[in-house]
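Below you'll find the structure, written out as structure tokens, and then a few comments.
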Amino acid sequence: MAGKTVKAGIMDYQKIIERIAEDVSPLLDKGEVASYIPALAGVSPSKFGIAVATVRGECFTTGDASECFSIQSLSKVFTLAMVMDRIGDALWERVGREASGNPFNSLVQLEYEHGRPRNPFINAGALVVTDCIILENHDPMRDLRDFVRTCAGNNTIGYDESVALSEKETGHRNAALAHFLKSYGNLYNDPGRVLDVYYHQCSLSMSCKDLARAFLFLANGGTDPVNGNIVCGLRQAKRINALMQTCGLYDEGGEFAFRVGLPGKSGVGGGIVAVMPGELSIAVWSPGLNTAGNSLAGFKALELFTTYTSKSIF
Ligand code: GLU
């Protein structure tokens with residue numbers, strides 16, 4: 001069946017994702033599970049899930065799509081959406097909007113560019129966004145968790161304290177970035193406080209099903225199509241999608257645009273979420289990562305999804 005496009009008036013997404021799960025199964029033991037955060041090292045590389053949520057309110061799942069995992073950098077999309085909605089263009093005085101061309105946790109570029117991170121999805125930029133969350137919210141951790149719960153329509157979503165602690169104990173590079181930002185005057189809160197909230201946001205535990213549902217507002221101009229909740233404005237949704245397209249996949253943004261052709265965001269927990277504006281969002285999870293830090297099987301699964309459906313933004 002491989003190589004053929006599934007064509008139908010109405011896409012049979014269930015059939016398509018089941019076919020993809022079968023196609024990528026030989027890749028599941030090929031990637032490396034992230035081990036620099038010790039709490040993530042023990043996750044089984046054989047896990048694989050896909051969930052598709054459509055703007056019509058349907059949800060299709062296969063594999064381990066209901067199992068929770070550590071969303072890690074996928075959380076940067078939620079914090080960005082919260083901050084853009086709250087402070088608007090003021091954010092861009094502190095963070096850029098260009099792909100970095102450097103590792104997501106690099107310190108070098110931050111020095112050259114005088115403490116203004118290239119974009120909100122590299123760690124330095126995400127720390128600035130988290131700093132804004134702390135400035136704007138009375139109880140940032142509760143408010144962020146509630147924001148994510150509302151987007152996902154699931155009130156059981158929470159932080160995984162063991163993952164947050166594990167990262168706190170080993171996150172020397174993130175601590176260096178936070179202090180570096182502070183030295184440039186681009187962090188208003190105490191670096192320890194910013195890191196604490198940052199590690200917690202990364203530790204949010206969600207399933208593919210939760211994530212596909214939670215990103216649906218980005219496929220629908222900022223409004224949750226299921227309950228009509230305005231998560232952010234049309235302009236902000238367009239901008240978040242643009243940032244995911246250009247900066248969402250570590251050093252493989254070009255490769256992802258080439259092979260998948262959708263705005264997306266990945267995390268070292270092995271999750272990738274992509275958005276097809278006007279139609280759907282899709283979340284995949286496979287913990288084995290490629291050398292760029294993106295889920296190996298997840299990347300392939302999304303490539304097959306746009307191949308089999310003949311749909312992309314291009
Ligand atoms: N918490 C991870 C870190 O800061 C997130 C990395 C990621 O998923 O890109 O290193």
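The values are calculated or read from the model by the stated rules, or taken from the named source; none is laboratory data. Bear in mind the structure is a predicted one, so any value in this text is a computation, not a measurement. Positions of Cβ are generated from backbone atoms using ideal geometry, with glycine treated the same way; all protein chains shown enter the neighbour counts. Each accessible area value is taken on the protein alone, full model and side chains, heavy atoms only, with ligands, DNA and RNA left out. Shrake-Rupley method; radii C 1.70, N 1.55, O 1.52, S 1.80 Å.
A few notes on this one:
- Number of the condition not met by Lys311 [criteria: (1) open to solvent by 10 Å² or more (accessible area, probe 1.4 Å); (2) modelled with pLDDT of 95 or more]: (2)
- Ala41 within 21 Å of Phe147 (Cα to Cα), of a type outside the set (Ser, Thr, Tyr) and out of contact with any Pro (no Cβ under 6 Å at 6 or more places or on another chain): no
- Between Glu161, Glu136, Glu98, Glu167, the distinction of being among the acidic types (Asp, Glu), at negative phi and open to solvent by less than 60 Å² (accessible area, probe 1.4 Å) belongs to Glu167 only.
- In the stretch 51-102, residue nearest to the chain's Cα centre (by Cα) [restricted to those that are in a helix (DSSP H, G or I) and among the charged types (D, E, K, R)]: Lys76
- The stretch 170-186: number of residues that are out of contact with any helix residue (DSSP H, G or I) (no Cβ under 6 Å at 6 or more places or on another chain), without any contact (Cβ under 8 Å) to a residue 12 or more places away in the chain and away from the ligand (no atom under 12 Å from the Cβ): 0
- Val52 being more than 16 Å from the ligand (Cβ to nearest atom), over 17 Å from Lys209 (Cα atoms) and surrounded by 22 or more Cβ atoms within 10 Å (Cβ to Cβ): no
- Just so you know, in the stretch 103-133 the residues that are more than 19 Å from the chain's Cα centre (by Cα) and open to solvent by 10 Å² or more (accessible area, probe 1.4 Å) include one that is farthest from Val148 (Cα to Cα), and it is Tyr112.
- Total residues in the stretch 138-170, condition in a helix (DSSP H, G or I) and more than 21 Å from Ala212 (Cβ to Cβ): 14
- In the set (1) over 21 Å from Glu167 (Cα atoms); (2) among the aliphatic types (A, V, I, L, M); (3) away from the ligand (no atom under 16 Å from the Cβ), Ile134 fails one condition alone, (1).
- Residues of the stretch 208-221 that are within 15 Å of Glu279 (Cβ to Cβ) and either without any contact (Cβ under 8 Å) to a residue 60 or more places away in the chain or touching a Leu at 6+ places or on another chain (Cβ under 7 Å) (or both): Ala219, Gly221.
- Condition check for Ser35: open to solvent by 50 Å² or more (accessible area, probe 1.4 Å) and within 16 Å of the ligand (Cβ to nearest atom): yes
- Evaluation of Asp29 against the conditions (1) in contact with a Pro (Cβ under 9 Å, 6 or more places away or on another chain); (2) under 21 Å from Ala292 (Cβ atoms); (3) surrounded by 14 or more Cβ atoms within 10 Å (Cβ to Cβ) shows that the sole unmet condition is (3).
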